[in-house]
Amino acid sequence: MKAGEISAGEFQKLREESGPVFKFRIVTGSMSPLIPVGASVVVDGKAEIKPHDIIVFWHDEKLICHVLWHENKIIQQNGQKIYVTRPLRGAGRDFSILESHVLGKVLNYQLPRWRLWLMRWSDLRYLRRRRFSR
């Protein structure tokens, strides 16, 4: 396993045995400029999460910090909710994750309302281009 990777077993152990609050350092720029590279985030594993919260989740052997964009209301897997996440930097949605892969909600950063509207506007423009390009 490479440095910075975390196995499924290690992730489950982290969720079960540690306290409800974790502290991590951000190592990529996907949430910049809101959360710069090298910043520390405080994650509450017991907090209720809702759309547009910033969350930390396990995906592809890594812990990732992105925005919870929405919950899939139609499809569930084994009774678990499926969430769609999104980075601040880069286009579009990225990962669909199970609720069991969510470590928790970031407490010391929140998505500003103007950023949320900008992201929604970007989605609308993308959908209009796709619709008219057919």
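Read-outs throughout are calculated quantities, based only on the coordinates presented, and are distinct from any laboratory measurement. Please read these numbers as outputs of a predicted model, since none were measured by experiment. In this analysis, Cβ positions are derived from the backbone assuming ideal geometry, glycine residues included, and neighbour counts consider all displayed protein chains.
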*Only Cα pairs under 8 Å and at least 6 apart count here; give the relative contact order of the range 1-45 as a rounded whole percent.*
37 percent
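Taking 2.2 N^0.38 Å as the expected size of a compact globular protein, what ratio does the Cα radius of gyration of the chain give against it, to two decimals?
Relative to the rule-of-thumb radius for its length, the chain sits at 1.10.
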*So how tilted is helix 8-17 from the main axis of the chain? Cα-based, degrees 0 to 90, rounded to 10.*
70 degrees
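Under the rule of -39500 (n - 2.57) per DSSP H run of 4 or more residues, summed and divided by the residues of the chain, what mean residue ellipticity at 222 nm is obtained, to the nearest 500 deg cm²/dmol? Spell out each step's value before the answer.
Numbers: 2 runs with 30 residues, N = 134.
So the helix-based figure for the chain works out to -7500 deg cm²/dmol.
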*Could you size up the charge dipole of the chain around its Cα centre, putting +1 on the beta carbon of Lys and Arg and -1 on that of Asp and Glu, and report it in debye to the nearest 20?*
980 debye
*Can you give me the three principal axis dimensions of the range 51-104 from its C-alpha atoms, in Å, biggest first?*
31, 22, 17
*Considering Cα pairs under 8 angstrom that are at least six residues apart, work out the relative contact order of the range 58-100 and quote it in whole percent.*
33 percent
_Using only Cα atoms and rounding to the nearest 10 degrees, what angle (0 to 90) does helix 113-132 make with the longest principal axis of the chain?_
50 degrees
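Relative contact order, percent, of the chain when contacts are C-alpha pairs under 8 Å separated by at least 6 residues? List each step's numbers first, then the result.
Working: 221 pairs, mean separation 30.4, N = 134.
Rounded, it is 23 percent for the chain.
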_Under the rule of at least 5 residues apart or a separate chain, name every residue whose amide H is placed under 5 Å from the amide H of SER30._
none
